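First up is the structure itself, then whatever we jot down about it.
Bear in mind these aren't lab numbers, they're just calculated from the coordinates by the rules spelled out. The structure displayed is predicted, hence computed values, not measured ones. Glycine also receives a Cβ, built like all others from the backbone with ideal geometry; neighbour counts cover every protein chain displayed.
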Amino acid sequence: GTPTKVMDRLKSPLLGADGPSPVFGRGPWASVNHNVVVGIALAIMSSLAESIWQGTVLTKFIFESTGEHNVLVGYADAARGLTALLVAIPLGIVADRSRNYVAIIAAGSLLAPLAAALTLAAVSRSSAASSADENARDEMPLLLAALCAWSAVQTARVGPVQALFASSTRRGERSHYYTLSFSLGNYAIVAGRVLTIGVFAALGDTWSLGR
């Protein structure tokens, strides 16, 4: 069936580079390797999402959630970077030794629902507390767990996905598809900023947990 064909193409990156994709069987993308198409789509969606929530309101949300303590905002950002480092090192070793990029990407994908659940829990609990209340600081561990989980997801996504992306394109075509992915990702970042401006214009630019 189709799911089996998709997994076969993921396991063999160059398989079907000249044939139709199991998902994009028609149209201008039909002759493009399935992994390349999915990689570009992932770059667009992740850039758009990160532009909306990480690039605009995240720092202020952490500031409000921790009772307006700049030091805790720094700790949160440092925890994200440290998580990325701790995940990247063993991940890189496993990827170099096994070359099983699909399994690594799948493992990272399984962390995404957990990260989303932690984020929703942190947002709902922080919004229920007042930023001036010391109880807001009690939500810091949950918020840190959510941020670290997202950092792990992004680390597991970027390296292996880029490696699979590269191995799914021929050398003469790599610069074209890398440029296309990079450009569309940047357009998505701009679109995220524009969308955020529209949301603030419609709902008001009030930076408080209650809103």
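A Förster radius of 25 Å combined with the Cβ-Cβ distance from Trp53 to Ile89 puts the calculated FRET efficiency at roughly 0.40. Here each label is just a point 7 Å from Cα along the line to Cβ, and for Ala41 and Ser109 those points are 1.1 nm apart.
Hey, with R₀ at 35 Å, roughly what FRET efficiency would Ser167 and Lys60 work out to, going by the Cβ-Cβ distance, to 0.05? Please report the intermediate quantities before stating the final value.
Values: r = 40 Å, r/R0 = 1.15.
Computed FRET efficiency for Ser167 and Lys60 comes out at 0.30.
Full-extension gain between Glu68 and Ile197, please, as 0.36 nm times their residue separation minus the C-alpha to C-alpha distance. Write out the running numbers ahead of the final one.
Details: separation 129, 0.36 × 129 = 46.44 nm, distance 2.38 nm.
Roughly 44.1 nm would be gained on extension.
Gain on full extension, evaluated as 0.36 nm per residue between Ala116 and Asp205 minus their Cα-Cα distance, stands at 29.6 nm.
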